[in-house]
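Data first, discussion second: the structure below is written as structure tokens.
The values are calculated or read from the model by the stated rules, or taken from the named source; none is laboratory data. What you see is a predicted model, and the numbers here were worked out from it, not measured in a lab. So basically every Cβ, Gly included, is an ideal-geometry build from the backbone, and we count neighbours across all protein chains shown. Note: areas computed on protein heavy atoms with side chains; ligands, DNA, RNA excluded. Shrake-Rupley method; radii C 1.70, N 1.55, O 1.52, S 1.80 Å.
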Amino acid sequence: MIFTLGGIKGGSGKSTIATNLTVWLSKQGFDVLLVDADEQQTATKFTKWREVNTDGNSGYTATVLTGDAVRQQVAKFKPKFDHIVIDSGGRDTMSQRAALFVSDALLVPFNPRSFDLWTIADVETLVKEVRALKPTDLHAFALLNRADPKGTDNKDSAELLQESSVIEYVGPPIVSRKSFANASSNGLGVIENQPADQKAIHEITMVFKIIMEKLGAEINV
Ligand SMILES: Nc1ncnc2c1ncn2[C@@H]1O[C@H](COP(=O)(O)OP(=O)(O)O)[C@@H](O)[C@H]1O
Ligand SMILES: [Mg+2]
């Protein structure tokens with residue numbers, strides 16, 4: 001499968017989800033390529049820390065691509081890997097469109113109660129435009145990330161996302177937890193971080209499992 005973490009808003013958690021998805025898939029024995037298609041290079045920095053903290057045994061391959069090279073090179077990498085995860089920037093860029101053109105699935109994290117939710121319509125337009133040009137399916141999934149630990153805002157935001165006929169909402173909400181930032185700063189996925197944050201692990205792996213199931217992709221957990 002080829003996944004793109006996208007959307008048109010920065011800071012929603014694209015790089016966090018992209019790196020955690022890459023780690024989660026690679027821990028299952030899949031051969032995974034992480035493509036950094038964002039000029040901020042968060043995924044690349046993550047991998048650098050990971051290489052240091054794992055003595056070079058990061059468990060996946062990482063590369064940097066921009067613009068139309070994303071489409072061309074990812075198409076060539078496709079038969080060589082089990083899964084490819086593309087971390088794109090927070091804008092509707094040439095790189096993101098190129099990524100979507102070769103992707104099976106777009107994952108869009110939204111933060112509840114934020115300006116993020118105002119971008120739903122723009123993300124829908126982007127998805128519709130890509131679908132109109134793309135010969136194969138593009139599944140689009142919305143997730144709630146950096147969600148509130150309690151209160152009704154998550155439910156309200158999820159209901160808003162569920163109204164979309166273009167993007168499919170997948171829960172549970174991934175709550176804002178320090179363990180995500182702590183893990184990322186060490187180049188670790190939240191599933192590897194110690195002490196283990198079981199709630200964070202449960203939320204993110206549930207979202208990944210549901211997405212894999214909806215895509216008809218096999219998992220080994
Ligand atoms: N679920 C979460 N809980 C706590 N912090 C988070 C969570 N998701 C992301 N963050 C933090 O939010 C910031 C932005 O996340 P990032 O993944 O870099 O967003 P993007 O790639 O969309 O710009 C980072 O500091 C990251 O550690
Ligand atoms: Mg990012």
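Taking all protein chains together and a probe of 1.4 Å, list D82, D55 from the most accessible to the least accessible. Mind dumping the intermediate values first?
Numbers: D82 75, D55 135 Å².
Of D82, D55, the descending order of accessible area is D55, D82.
Taking the Cα atoms of the chain, what is the range of coordinates along each of the three principal axes, in descending order and whole Å?
45, 42, 32
Taking a ≥ b ≥ c as the square roots of the Cα gyration tensor eigenvalues, with a/c under 1.5 meaning rounded and otherwise prolate when a/b beats b/c, else oblate, which class fits segment 76-184?
Verdict is oblate for segment 76-184.
GNM, the chain, Cα, under 10 Å: largest mean-square fluctuation among I17, I211, I86?
Comparing I17, I211, I86 in a Gaussian network model of the chain, the most mobile one is I211.
Can you work out ³J(HN,Hα) from phi for every residue in segment 207-220, in order, using Karplus 6.51 cos²θ - 1.76 cosθ + 1.60 and θ = phi - 60°, giving whole Hz and x for Gly and Pro?
Those phi angles translate into 4, 5, 4, 5, 5, 4, 5, 5, 8, x, 9, 7, 10, 10 Hz.
May I ask which of K48/K209; K78/K199; K9/K48; K128/K199; K48/K178; K45/K209 have a Cα-Cα span longer than 23 Å here?
In this structure, K48/K209; K78/K199; K9/K48; K128/K199; K45/K209 lie more than 23 Å apart at Cα.
So how compact is segment 1-127: Cα radius of gyration and Dmax in angstrom?
14.0, 44
What residues qualify as long-range amide H neighbours of E168, i.e. H under 5 Å apart, gap of 5 or more or another chain, H built at 1.01 Å from N?
The list, which skips near neighbours in sequence, is A140, F141, A142.
Which percent of the accessible area of segment 117-221 is formed by carbon and sulfur heavy atoms (probe 1.4 angstrom)?
On the way: 2870 of 5680 Å².
Reported share for carbon and sulfur atoms: 51 percent.
Please report, as a whole percent, how much of the solvent-accessible surface of segment 1-88 comes from carbon and sulfur atoms (probe radius 1.4 Å).
48
Quick check: residue separation of L160 and K214 times 0.36 nm, minus the Cα distance between them. What number comes out in nm?
That pair, L160 and K214, stretches by 17.4 nm at full extension.
May I ask for the net charge around F30, where only other residues with Cβ less than 11 Å from the Cβ of F30 are counted and Lys, Arg are +1 while Asp, Glu are -1? Numbers along the way, then the final one.
Numbers: positive: K27; negative: D31, D82, E218.
Summing Lys and Arg as +1 and Asp and Glu as -1 gives -2.
Only Cα pairs within less than 10 Å get springs; with that Gaussian network setup on the chain, which residue of G29, G59, G90 has the largest fluctuation?
Sorting by GNM fluctuation, first place goes to G29.
Could you pull out the longest piece of the chain with no exposed loop trypsin sites (Lys or Arg not before Pro) in it, calling a site exposed if DSSP puts it outside H, G, I, E, B and it has at most 16 other Cβ atoms within 10 Å? Numbers along the way, then the final one.
Values: sites that count: R91, R113, K150.
After excluding every exposed loop site, the longest remaining stretch is 1-90.
What value, in deg cm²/dmol to 500, does the helix sum -39500 (n - 2.57) over DSSP H runs of n ≥ 4 give at 222 nm once divided by the residues of the chain?
Calculated mean residue ellipticity at 222 nm is -13000 deg cm²/dmol.
Rounded to the nearest 0.05, what FRET efficiency do D137 and Q198 give with R0 = 30 Å and r taken as the Cβ-Cβ distance? Could you check?
0.30
Find the accessible area per residue for the chain; the probe is 1.4 Å, ligands and nucleic acids are left out, and the unit is Å².
Value returned for the chain: 47 Å² of accessible area per residue.
Leaving ligands, DNA and RNA out of it, rank W49, W24 by accessible area with a 1.4 Å probe, largest first.
W49, W24
Stretch Q28-T205 to full length: gain in nm at 0.36 nm per residue minus the Cα-Cα span?
62.5 nm
What net charge is computed for the residues neighbouring G187, neighbours being all others with C-beta under 9 Å from the C-beta of G187, Lys and Arg scored +1, Asp and Glu -1? Mind dumping the intermediate values first?
On the way: positive: K45, K48, R50; negative: E51.
Its environment carries a net charge of +2.
Sorting H139, H202, H83 by accessible area (1.4 Å probe), largest first, what list results?
Highest to lowest solvent-accessible surface, that is H202, H139, H83.
Is any residue of segment 1-38 close enough, with backbone N under 16 Å, to a label point placed 7 angstrom from the Cα of D122 along the Cα-Cβ axis, and if so, which?
Hits in segment 1-38 for D122 at 16 Å: 6-14.
Find out how many positive minus negative residues lie around T66, taking Lys and Arg as positive, Asp and Glu as negative, among other residues whose Cβ is under 10 Å from that of T66.
Numbers: positive: none; negative: D36, D38, E39, D68.
Overall, the nearby charge balance is -4.
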